[in-house]
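The values are calculated or read from the model by the stated rules, or taken from the named source; none is laboratory data. Remember, predicted model here, so these are calculated numbers, not experimental data. Glycine also receives a Cβ, built like all others from the backbone with ideal geometry; neighbour counts cover every protein chain displayed. In case anyone asks, the SASA skips ligands and DNA or RNA and just uses the protein heavy atoms, side chains included. Shrake-Rupley method; radii C 1.70, N 1.55, O 1.52, S 1.80 Å.
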Amino acid sequence: MATELRCPDSMLCHNQQVNSSSTQNPEPQQSGDLIPAHAGGNSDSAAKLTLLSGHANSSVPAEWDSQVSGGATLNSENNGGTGNYDAPASDSLLGDCEISRQIGAQLKLLPMNDQIRELQTIIRDKTASRGDFMFSADRLIRLVVEEGLNQLPYKECMVTTPTGYKYEGVKFEKGNCGVSIMRSGEAMEQGLRDCCRSIRIGKILIQSDEETQRAKVYYAKFPPDIYRRKVLLMYPILSTGNTVIEAVKVLIEHGVQPSVIILLSLFSTPHGAKSIIQEFPEITILTTEVHPVAPTHFGQKYFGTD
């Protein structure tokens, strides 16, 4: 069950340059144009989602067994390859029960159905056209965003219908914002705006330093009162988890508590999700699938740079 988050709404966005480093080998990023965060403000609401461990699929080719143990790391979009193939995750293969035990209830998965499974299949298919890929990715993003909003708090309200009937309903509580981790996280921004037209969205750019190979935050832009907001952190592919860990550290430096952060992703490896939860036990991760192999070509194919 997601933590209930309550914060007041607030004001405008500002630019801030951040230069820090800690985590080695971040999740791959590609820098894009830095788009100003958008003003607005929205209200959202709380619901409950159960962990469906059946999403965790540990069937991978046997020849990858030796590659998915211990400290191996992934460098998906910056690995110099074509980006057309999935990369084995840096973790031993975990069964469903083991994933539930090690990662815990903070990892939440969308209820699986054939529609979601087909979208996942198209996204993973290297022969899929870019048009089909983007269409399927946008649909899956929308489903994740909708469920992410369902984790936020609502409050009861009374409205009057055109016939004069009094209807007891609910509405979002104000004080939410989105933060995308550039570049692939920007693919999820439109899905969030489609659901929350005026929501404010901040950005973080994290890349690997060419000399030290350590994660380095090159750019961060948030609403100035982000410390009072609930944050939907957007990053579609979790392989090692290092980029997200670094991004959460930056949010904490700006006064954001991990308990008010909901990480929205499409695919996660067991190692990536476990690393994030171990570092920040109060954060909530929402994804569609936990699998040892992550579709790390996502950012390149979505933005047409594969």
Cβ-Cβ below 6 Å, separation at least six or inter-chain, first residue in segment 119-141 and farther than 21 Å from LEU109 by Cβ, second outside any helix (DSSP H, G or I) and open to solvent by 10 Å² or more (accessible area, probe 1.4 Å): which pairs? LYS126/ASN84
Go through the residues of segment 227-242 one by one and say whether even a single one is modelled with pLDDT of 90 or more, out of contact with any strand residue (DSSP E or B) (no Cβ under 9 Å at 6 or more places or on another chain) and either among the acidic types (Asp, Glu) or assigned to a helix (DSSP H, G or I) (or both). yes
If you go through segment 103-125, how many residues are in contact with a Lys or Arg (Cβ under 9 Å, 6 or more places away or on another chain) and open to solvent by 60 Å² or more (accessible area, probe 1.4 Å)? 1
Would it be correct to say that LYS203 is crowded, with 23+ Cβ neighbours inside 10 Å, touching a Phe, Trp or Tyr at 6+ places or on another chain (Cβ under 9 Å) and part of a strand (DSSP E or B)? yes
Looking at this structure, is LEU263 at pLDDT 95 or above, open to solvent by less than 40 Å² (accessible area, probe 1.4 Å), out of contact with any Cys (no Cβ under 7 Å at 6 or more places or on another chain) and closer than 21 Å to LEU140 by Cβ? yes
Within segment 141-149, can one find any residue that is within 19 Å of THR287 (Cα to Cα), outside any strand (DSSP E or B), of a type in the set (Lys, Arg) and open to solvent by 30 Å² or more (accessible area, probe 1.4 Å)? yes
Filter segment 123-163 for residues that are over 19 Å from SER184 (Cβ atoms) and in contact with a Cys (Cβ under 8 Å, 6 or more places away or on another chain) and give the result. GLU146, LEU149
